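Below is one structure, written out as structure tokens; the observations come after it.
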Amino acid sequence: MAETDDRKGHRDRLRERFAADYGTSMPDYELLELLLFHAVPRRDTKPLAKRLIDRFGSLAATLAADATDIQGVKESGPAVAGLLKAVHQAGRRLALEDMRARPNLGSWDNVIAYCRAELGHLPRESFHVLFLDQKNGLLAAEEQSRGTVDQTSVYPREVVKRALELNAKALVMVHNHPSGDPTPSDADIEITRAVEAAATALGVALHDHVIVTRNDHRSLRASGLI
């Protein structure tokens with residue numbers, strides 16, 4: 001009974017600390033511990049929160065991790081993975097809604113922040129395209145493929161076909177390098193130029209191809225590669 005009371009007291013104190021500034025001053029593991037209350041109602045969640053942070057590196061990376069990998073952490077399971085993926089999806093939609101609310105995507109810094117938040121923590125490569133209208137407003141942000149970005153996984157004709165379906169006037173390509181090195185590969189450059197050629201032929205502009213990592217990014221346009 002005493003152990004149960006201690007756990008309840010700890011949870012109450014953590015909730016009070018969160019309510020004081022809505023988590024602004026809390027470290028990653030405590031925010032994660034608080035989230036885990038909803039998936040693990042009868043156990044101390046601090047050890048699991050710390051194991052998850054140790055395994056994936058940060059709260060953001062934990063939320064972005066594959067559900068299968070989350071479940072592979074000791075004392076995790078489907079309920080924990082489901083909760084964390086739901087929170088991750090909610091964060092994605094909030095960021096996307098904010099992007100859509102901007103008449104022209106706001107500043108380039110906002111675009112980079114969105115791309116890094118969306119892809120920077122993913123454990124595997126993922127290739128996305130932002131489809132823009134004539135005023136650079138966001139029409140859609142869609143994943144096109146997973147895995148190494150090359151012409152076997154990204155088809156320029158399919159990218160341009162989707163742009164025409166949306167009546168998009170411009171594109172921003174973005175993918176992540178889980179290695180942490182944003183340097184574009186030869187395949188990255190090749191597929192960028194192939195998409196640009198296909199898009200330009202049909203009146204769609206390619207603004208940029210951005211490679212993001214957890215802590216960095218590289219613009220192929222700014223690097224003079226397109």
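Scanning the range 1-35 for residues that are of a type outside the set (Val, Ile, Thr) and assigned to a loop (DSSP other than H, G, I, E, B), which turns out modelled with the lowest pLDDT? Explain how you work it out, then say what you get.
Taking the range 1-35 as the starting set, the residues that turn out to be of a type outside the set (Val, Ile, Thr) are 1-3, 5-23, 25-35.
Now restrict to residues that are assigned to a loop (DSSP other than H, G, I, E, B): 1, 22-23, 25-27.
Numbers: Met1: 44, Tyr22: 85, Gly23: 82, Ser25: 88, Met26: 88, Pro27: 89.
That would be Met1.
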Does the range 31-52 contain any residue that is farther than 29 Å from His177 by Cα, surrounded by fewer than 12 Cβ atoms within 10 Å (Cβ to Cβ) and among the aromatic types (Phe, Trp, Tyr)? no
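Pick from the range 115-152 the residues that are of a type in the set (Gly, Ala, Ser) and in contact with an Asp or Glu (Cβ under 9 Å, 6 or more places away or on another chain): which of them is nearest to Thr183 (Cα to Cα)?
Within the range 115-152, the match that is nearest to Thr183 (Cα to Cα) is Gly120.
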Being touching a residue at least 24 places away in the same chain (Cβ under 8 Å) and under 13 Å from Phe127 (Cβ atoms) narrows it down to one residue among His217, His209; which is it? His209
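Would you list the strands (runs of 3 or more DSSP E) that sit entirely within the range 124-223 and hold 3 or more residues that are in the same structural domain as Asp109 (by TED's automatic domain parsing) and of a type in the set (Gly, Ala, Ser)? Full working, then the answer.
Working: elements: 126-132, 138-146, 170-176, 205-212, 217-219.
So the answer is 138-146.
Being over 25 Å from Gly224 (Cα atoms), of a type in the set (D, E, K, R) and modelled with pLDDT under 90 is true for just one of Arg124, Arg162. Which residue is that?
Working: Arg162 fails: modelled with pLDDT under 90.
One residue alone meets the criteria, Arg124.
The values are calculated or read from the model by the stated rules, or taken from the named source; none is laboratory data. As the structure is a computational prediction, the values presented were derived from the model and not from experiment. Here Cβ is always computed from backbone atoms with ideal geometry, including for glycine, and neighbour counts include all displayed protein chains.
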